[in-house]
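The values are calculated or read from the model by the stated rules, or taken from the named source; none is laboratory data. Since we're looking at a predicted model, the values are computed, not measured. Glycine gets a Cβ as well: all are built from the backbone with ideal geometry, and neighbour counts include every protein chain shown.
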Amino acid sequence: MKKRWDQVGWNEVKRIKWKEIGWYLLVIMITIPFIFPLIWIIAAAFKTQAQIVASPPIWIFKPTLNNFKSVFMEQDFARFLWNSSVVAVASTVLSLLLGLPAAYSISRYKQQTLGVFILVARLMPGISFLMPWYILFSKIRMVDTFSALIASHMLVALPLIVWIMINYFDGLPRELEESARVDGCSIQTAFLRILLPISGPGIITATTLSFLFSWNNFMFSLVLSTHRTKTLPIAIYNFVSYAEVSWGNVMAAAVVIITPAIILTMIFQRYVIKGLTVGAVKG
Amino acid sequence: MKGVRLIKAAPAFTEVITLSAKKPFRVNQLIEKNIKWLFPLPTGLFIFLMMIFPVLYTFYVSLTDWDMISGGRISFIGLDNYVNLLKEPRFFNSIKLTLYFTIMAVGIEVVLGVAIALILNRDFRGKNLVKLILLLPMVATPVAIGLAWTLFYEPTIGLGNYALKLLGLPASQWLGSSKMVIPSLALVDIWEWTPMITLIVLAGLASLPQEAFEAALVDGATPLQIIRDVTLPLLRPTILIALVLRCIDALKTFDIIYVMTTGGPGFASETLNIYAYNLSFNYFRFGAASAALVALFTLVLACNLLVLWMRKTYEL
């Protein structure tokens, strides 16, 4: 029987479970520092220069699209978007083509040394390859080509994909391929027709992470691309290299760069988490 | 689950066998016999071309005096570059700064990350949303993040000093101060990667055996005691792995440092990575740069082999 609001006594108030509210407040307090900078970036992208540099900071303002207009029309951002996409997709696809069979072989035949060999590439700092790459690619006139850039991104994507897929293949039962082989099917066909189709989750994880890291890559493009193949991270960095920084433009560019990554993460959240924590947790 | 999978794959078998029959039988046989090295071959070849060969080339260049000035005339000077490197204060400065940055950033990340994971370790409405929010700092492009934080750290117009003012603290030069620059950079790294530790630990917590906790509760342990004596010891392998993984990546930090300070002010934030980059692409002293790179490479490789050996011996 529902009571009127002035009939509610202290007992009902206690039942609101203050502990729960307190806990949720704690969760909010934990989450805010991580999302606040991103919200600020998005807000600043819609502000004018004067509004951004105002102190104390302005929280309520009228949004403007000028920064985005400037970024796309004056700075040719669409081309950089295209470049980044081409490099990310190509390096991911090629790394999958090379890495999936390799991961399968290492997983099924326990080729430990080969595995370590490939994984060492992931552990080494990129700068240690960048200098020889620059020299070698310059000698064959391949600086500022897509091939050089894609190859460099592959050196990051390939070990990552192999690492994730080895872990994934290790978890798949061998009975499937064995029954296929008993029925007269060759190993490679068993791999192609039986194992791969059920490797969806692992492949999605590997693909998403590989794409993300290529999209975000800065160091390789910094050295290996100049005009033709300039990617987004370089483009946004160039905004700040001049004396007068238009923060609105920088923030708008940041929004353009980060948005695809965020969307990808929202769709494949489960897989991204799996990929980032793989190998870190036993059993 | 296994039975279901087998049944689902069954229709593919007949299709598979007909397919095998269509292909030239000898090629198929050849592939199958050699599959052990045929499958990994393209990958191995690629890694050799893009990694092993460049490294060997770097080693070779480190024994020459090649730089922009000498142009075409390169001469073999043996270990001179290494000797000069050891005499170079900037080299040791960069190692010191790299360690300072890594220890500060990873240390705080692990403590914070574990604490947050312990708090979040229960089912609640919006848990997936929280996990998503935690993912964002990790997947957002570091260059963009670095530039945004540069604005944040701007002494006059940035939110950083505004926040300090609200708290009654003195304003800081942040990235402009040689004392504060590494902590400022570390803060960005902490913001970016604490979620990684949290997510790893959360996954680890989910796989812990429940009996230990039930036993502790039966014995009347308080939550704090449970955390200290049951949870944390059980989590030790997971935390160690997270710590090691993060350390390896933190040593390689380049993007945010380059974009925010390029090693400045002066050389106050010039980590080994940045120093090697400057030598190669700012001064174009390829011989000297190669020596620094070989040093960096050896250092990181040694650390990683050490870690791999530790994992093997301690069964992490």
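Given segment B:118-183, what helices (runs of 4 or more DSSP H) lie entirely inside it while holding 3 or more residues that are more than 23 Å from A:Met251 (Cβ to Cβ)? Talk me through it step by step, then tell me what you get.
Numbers: elements: B:127-139, B:142-153, B:159-166.
Once the helices (runs of 4 or more DSSP H) in segment B:118-183 are filtered for at least 3 residues that are more than 23 Å from A:Met251 (Cβ to Cβ), what remains is B:127-139.
With respect to the numbered conditions (1) more than 30 Å from A:Thr189 (Cα to Cα); (2) in contact with a Phe, Trp or Tyr (Cβ under 8 Å, 6 or more places away or on another chain), which one is the sole condition not fulfilled by B:Val110?
All conditions are met except number (2).
Does segment A:241-250 contain at least one residue that is part of a helix (DSSP H, G or I), within 24 Å of A:Trp82 (Cα to Cα) and either more than 9 Å from chain B (Cβ to nearest Cβ) or touching a strand residue (DSSP E or B) at 6+ places or on another chain (Cβ under 6 Å) (or both)? Show your work before the answer.
Taking segment A:241-250 as the starting set, the residues that turn out to be part of a helix (DSSP H, G or I) are A:247-250.
Checking the rest, the ones that are also within 24 Å of A:Trp82 (Cα to Cα) come to A:247-250.
Retained after the next criterion (residues that are either more than 9 Å from chain B (Cβ to nearest Cβ) or touching a strand residue (DSSP E or B) at 6+ places or on another chain (Cβ under 6 Å) (or both)): A:248-249.
For segment A:241-250, residues part of a helix (DSSP H, G or I), within 24 Å of A:Trp82 (Cα to Cα) and either more than 9 Å from chain B (Cβ to nearest Cβ) or touching a strand residue (DSSP E or B) at 6+ places or on another chain (Cβ under 6 Å) (or both): present.
Which of the residues belonging to segment A:182-214 are surrounded by fewer than 16 Cβ atoms within 10 Å (Cβ to Cβ) and at pLDDT below 85?
Of segment A:182-214, the ones surrounded by fewer than 16 Cβ atoms within 10 Å (Cβ to Cβ) are A:182-184, A:196-198, A:200-201.
Listed by number, the residues that qualify are A:Val182, A:Asp183, A:Gly184.
Could you check, for segment B:280-292, whether at least one of its residues is closer than 21 Å to B:Ile108 by Cα and surrounded by 15 or more Cβ atoms within 10 Å (Cβ to Cβ)? Steps first, please.
Within segment B:280-292, the subset closer than 21 Å to B:Ile108 by Cα is none.
No, segment B:280-292 contains no residue that is closer than 21 Å to B:Ile108 by Cα and surrounded by 15 or more Cβ atoms within 10 Å (Cβ to Cβ).
When you go through (1) in a loop (DSSP other than H, G, I, E, B); (2) more than 9 Å from chain B (Cβ to nearest Cβ) one by one for A:Thr259, which number turns out not to apply?
Here A:Thr259 clears every test but (1).
Return a yes/no flag: does segment B:86-108 have any residue that is assigned to a helix (DSSP H, G or I), hydrophobic (A, V, I, L, M, F, W, C) and within 12 Å of chain A (Cβ to nearest Cβ).
Of segment B:86-108, the ones assigned to a helix (DSSP H, G or I) are B:86-87, B:89-108.
Within this subset, residues satisfying the condition of being hydrophobic (A, V, I, L, M, F, W, C) are B:86, B:91-92, B:95, B:97, B:99, B:101, B:103-106, B:108.
Now narrow it down to the ones that are within 12 Å of chain A (Cβ to nearest Cβ): none.
No, segment B:86-108 has no match at all.
Just to be sure before I move on: is B:Leu151 more than 27 Å from the chain's Cα centre (by Cα), surrounded by 12 or more Cβ atoms within 10 Å (Cβ to Cβ) and within 8 Å of chain A (Cβ to nearest Cβ) in the structure I sent?
It is false that B:Leu151 is more than 27 Å from the chain's Cα centre (by Cα), surrounded by 12 or more Cβ atoms within 10 Å (Cβ to Cβ) and within 8 Å of chain A (Cβ to nearest Cβ).
If you check every pair at least six apart or on different chains, which have Cβ atoms under 8 Å apart with a residue in segment B:119-136 that is within 27 Å of B:Phe213 (Cα to Cα) and facing another protein chain (nearest Cβ under 9 Å) first and a residue that is surrounded by fewer than 17 Cβ atoms within 10 Å (Cβ to Cβ) and polar (S, T, N, Q) second?
B:Asn128/A:Gln269; B:Lys131/A:Gln269
Select, from A:Val120, A:Val162, the only residue that is modelled with pLDDT of 85 or more, of a type in the set (A, V, I, L, M) and either crowded, with 20+ Cβ neighbours inside 10 Å or at negative phi (or both).
Numbers: A:Val120 fails: modelled with pLDDT of 85 or more.
Exactly one residue qualifies, and that residue is A:Val162.
Which of the residues that make up segment A:229-261 are free of Cβ contacts under 8 Å to residues at least 12 places away in the same chain and among the aliphatic types (A, V, I, L, M)?
Applying the first criterion (free of Cβ contacts under 8 Å to residues at least 12 places away in the same chain) to segment A:229-261 yields A:238, A:240-245, A:259.
Listed by number, the residues that qualify are A:Val240, A:Ala243, A:Val245.
When only residues in segment A:58-97 that are within 13 Å of chain B (Cβ to nearest Cβ) and either of a type in the set (D, E, K, R) or in contact with a Leu (Cβ under 6 Å, 6 or more places away or on another chain) (or both) count, which is surrounded by the most Cβ atoms within 10 Å (Cβ to Cβ)?
Among residues in segment A:58-97 that are within 13 Å of chain B (Cβ to nearest Cβ) and either of a type in the set (D, E, K, R) or in contact with a Leu (Cβ under 6 Å, 6 or more places away or on another chain) (or both), the one surrounded by the most Cβ atoms within 10 Å (Cβ to Cβ) is A:Ser95.
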